[in-house]
1. What's the number of the condition THR9 fails, among (1) closer than 19 Å to LEU129 by Cα; (2) buried (at least 16 other Cβ atoms within 10 Å of the Cβ)?
2. Look at segment 19-39 and say how many of its residues are closer than 18 Å to ALA3 by Cα and among the aromatic types (Phe, Trp, Tyr).
3. Could you look through segment 102-119, keep only residues that are farther than 22 Å from ALA33 by Cβ and not in a loop (DSSP other than H, G, I, E, B), and pick out the one that is modelled with the lowest pLDDT?
4. Anything in segment 21-37 that is among the small types (Gly, Ala, Ser), assigned to a loop (DSSP other than H, G, I, E, B) and either in contact with a strand residue (DSSP E or B) (Cβ under 7 Å, 6 or more places away or on another chain) or buried (at least 16 other Cβ atoms within 10 Å of the Cβ) (or both)? List them, or say none.
5. Answer with yes or no whether SER97 is modelled with pLDDT of 95 or more and farther than 17 Å from CYS4 by Cα.
6. Quick one: which of VAL92, VAL84 is modelled with pLDDT under 95, among the hydrophobic types (A, V, I, L, M, F, W, C) and buried (at least 17 other Cβ atoms within 10 Å of the Cβ)?
7. From the list PRO48, PRO55, pick out the single residue that is modelled with pLDDT of 95 or more, surrounded by fewer than 13 Cβ atoms within 10 Å (Cβ to Cβ) and under 26 Å from GLU10 (Cβ atoms).
8. Of the residues PRO55, PRO71, PRO48, which is part of a strand (DSSP E or B) and touching a helix residue (DSSP H, G or I) at 6+ places or on another chain (Cβ under 7 Å)?
Amino acid sequence: MAACTALLTEDASFAMPPLSIWYAPRLIVETWARESSLSGEWRWKVTPSSANAQPALAFYAWDEATGAHLPFALNVLTLRDDRVFDVTAFIVRSTDSPDNESYQRFPQQPMDQRSLSATYGRFGLPDRLD
C-alpha cells in the first residue's frame with residue numbers, strides 16, 4: 001500500500017463515474033483503498049494500458065465461478081510530473097442496484113456489457129485473464 005500511495009500527489013483524487021462519490025486528498029484516497037479495494041479481500045490482476053493518450057491500468061477481479069480474473073475497472077491516470085494527480089475508474093460492473101451495500105461487494109456485481117464494450121472492448125483489452 002505504501003508503494004501505491006507514494007505514487008500519488010498530495011492533492012490526488014479518485015473518482016468512479018457514474019457514481020457521485022470521489023475521494024481526495026491522498027490520505028483519504030489511501031484510507032479508502034486500504035479499507036475497500038486493496039483490503040486484501042479481493043484477488044486482482046492488473047494490466048498496463050492507455051486510454052485517450054493517457055496511461056491506464058486495467059483491473060481484473062478473480063471470479064470463482066469462471067476460474068478466471070474478469071474485468072472490473074479501467075483506471076485512467078492523470079499525471080503531474082512523475083506522480084499520479086487523478087484516477088478516474090471506469091467500472092464495468094452493474095450500478096443498477098438501489099442497495100448501497102452492494103457497492104461494498106462491487107467485484108461480485110454482474111458485468112455491465114455496455115460499459116465493458118465502451119472500455120475494455122474499445123481499447124482492445126482481454127475479456128478475461130486466466
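The values are calculated or read from the model by the stated rules, or taken from the named source; none is laboratory data. Keep in mind that what you see is a predicted model, and the values were worked out from it rather than measured. So basically every Cβ, Gly included, is an ideal-geometry build from the backbone, and we count neighbours across all protein chains shown.
1. Of (1) closer than 19 Å to LEU129 by Cα; (2) buried (at least 16 other Cβ atoms within 10 Å of the Cβ), only one is false for THR9: (1).
2. Number of matching residues: 1.
3. By that ranking, first place goes to MET111.
4. If the condition is that a residue be among the small types (Gly, Ala, Ser), assigned to a loop (DSSP other than H, G, I, E, B) and either in contact with a strand residue (DSSP E or B) (Cβ under 7 Å, 6 or more places away or on another chain) or buried (at least 16 other Cβ atoms within 10 Å of the Cβ) (or both), then ALA24, SER37 are the ones that fit.
5. When the stated conditions are applied, SER97 does not pass them.
6. Within the list VAL92, VAL84, the selection yields VAL92.
7. Exactly one residue qualifies, and that residue is PRO48.
8. One residue alone meets the criteria, PRO71.
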